[in-house]
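Single-structure report; data block below.
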Amino acid sequence: MAKNTLISENKQTDIWNQNLSIPIPTLDIVIFTVYRGELCVVLLKNENNEYTLPGWIIAAGYSLEQNFDNILERKTGITGVYKEQLYTFWEVNRDKRGHTLSIAYYALVWVDKFLSAVDFTKVEIVKYDNLGEKQIWNKVTKVGFDHAEIISYANQRLKWKLEYTNVAKDMLWKSFRLSQLQEVYEIVLWKKLDKRNFQKKLMKLGIVQETGKLDKTTNRPAKLYEFVDEELKVYEVL
């Protein structure tokens, strides 16, 4: 292991000494959306024919929030999403080009907003369940760097978040059938939920409320609901 000159030989005030090796800080974004009945991730394709997360080197003089917004829009065309800082990935060999650390975020986007804003010349929609098989729909691919690990970590965080918050609001229309909300839970959690118990729990907790309107897009009109709170709130949903 290389000698740690930063700690053993240099004072704290010497941090900008040109002889020191300072890891390059980057920001990477896992974007989840539900598309065609599947939990999907948005990936880019790099010069090595690998699929990677939207990300970039963190710009000095700007907050992480500003860096996130800039990277997201510039890399994908998407704006105004739910975002949450995930974890810092810092393994020395995570990037063959040099020592970088990634401050990772995950974001949630409603698919209709996503489809109307995203630049498909830059991104691919990837089924989460295909990442382990290294497939994008029917095409073989490779996920670069440690981004498969970051995506897996983000998926677990999303599952936990669904269990105790109303975060599903950022993956749905403003108004929806209760069956559509349940579908989001089942897709992300990868398990079937009892319809009666699930809907009863939602109403008891006061997470959703009726809009007074009906969805008439099918032969069997159904009540439309909306989330009571637009902001993220904690509930024991499951």
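Numbers for the structure displayed
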quantity: Looking only at segment 106-121, and only at residues there that are part of a helix (DSSP H, G or I) and aliphatic (A, V, I, L, M), the one that is modelled with the lowest pLDDT; calculated: 117
quantity: Criterion: under 19 Å from residue 158 (Cα atoms) and outside the structural domain of residue 174 (by TED's automatic domain parsing) - qualifying residue of 92, 42; calculated: 42
quantity: Residue match in segment 164-176 (condition: surrounded by fewer than 14 Cβ atoms within 10 Å (Cβ to Cβ) and aliphatic (A, V, I, L, M)); calculated: no
quantity: Residue satisfying all of: in segment 79-100; of a type in the set (Phe, Trp, Tyr) and within 13 Å of the chain's Cα centre (by Cα); modelled with the highest pLDDT among these; calculated: 87
quantity: Residue 103 at pLDDT 90 or above, more than 24 Å from residue 238 (Cα to Cα) and either in contact with a Pro (Cβ under 7 Å, 6 or more places away or on another chain) or not assigned by TED's automatic domain parsing to the domain that holds residue 181 (or both); calculated: yes
quantity: Residue list for segment 14-32, filter: charged (D, E, K, R) and either at pLDDT 65 or above or surrounded by 13 or more Cβ atoms within 10 Å (Cβ to Cβ) (or both); calculated: 28
quantity: Selected residue (criterion: nearest to residue 82 (Cα to Cα)) from residues of segment 201-232 that are assigned to a strand (DSSP E or B) and of a type in the set (Val, Ile, Thr); calculated: 208
quantity: Number of positions in segment 195-209 that are under 14 Å from residue 180 (Cα atoms) and either among the acidic types (Asp, Glu) or surrounded by 12 or more Cβ atoms within 10 Å (Cβ to Cβ) (or both); calculated: 4
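The values are calculated or read from the model by the stated rules, or taken from the named source; none is laboratory data. Since this is a predicted model, take the numbers as computed values, not measurements. Using ideal geometry, Cβ is built from the backbone for each residue, glycine included, and neighbour counts are taken over all protein chains shown.
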